[in-house]
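Okay, so here's the structure we're looking at.
The values are calculated or read from the model by the stated rules, or taken from the named source; none is laboratory data. Not measured: the values here are computed from a predicted model. In this analysis, Cβ positions are derived from the backbone assuming ideal geometry, glycine residues included, and neighbour counts consider all displayed protein chains.
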Amino acid sequence: MTELPAPPIDQIELTALLAALADPLRRGVVTDLMERPDGEHACSSFELPVAKSTRTHHWRALRLAGLIQQRDVGNGSTVQLRRRELARRFPGLLEAIIEAERSSRRRGRRA
């Protein structure tokens, strides 16, 4: 099992988080992770309607922004939302963004 590089929590920039979350697919992944039990989840368990190379790009963008930790495990990989760390560094931010995404979904569109 190999953990892929992600920035330390004290080096995460708010602008990098917001830039990563500007993409609706990535925002959807983070919303999905917030709704799942805490822990690691197989990357393949997320329905992303894009090519494998594009999925890889999205995982990398989320990881380098500091939103997730990602590990290579055998022939796949897992992701975990850095929920607790992010809550300490940016209190309430994830919840506000996720609530906005959920509201958009309820209205039948993506923000």
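Structural remarks
- Leu48 vs. criteria touching a helix residue (DSSP H, G or I) at 6+ places or on another chain (Cβ under 7 Å) and at pLDDT 95 or above: no
- Residue within region 17-32 that is touching a strand residue (DSSP E or B) at 6+ places or on another chain (Cβ under 7 Å) and surrounded by 13 or more Cβ atoms within 10 Å (Cβ to Cβ) present: yes
- All conditions but one from (1) at pLDDT 90 or above; (2) more than 22 Å from Leu4 (Cβ to Cβ); (3) in contact with a Lys or Arg (Cβ under 9 Å, 6 or more places away or on another chain) apply to Glu101; the one that does not is (1).
- Note on region 65-75: among residues that are out of contact with any strand residue (DSSP E or B) (no Cβ under 6 Å at 6 or more places or on another chain) and at pLDDT below 95, the one that is nearest to Glu3 (Cα to Cα) is Val73.
- Leading residue by the ranking (farthest from Gln70 (Cα to Cα)) among those in region 1-13 that are loosely packed, with under 11 Cβ neighbours inside 10 Å and not acidic (Asp, Glu): Gln11
- Number of the exception - Glu95 against (1) within 12 Å of the chain's Cα centre (by Cα); (2) surrounded by fewer than 19 Cβ atoms within 10 Å (Cβ to Cβ): (1)
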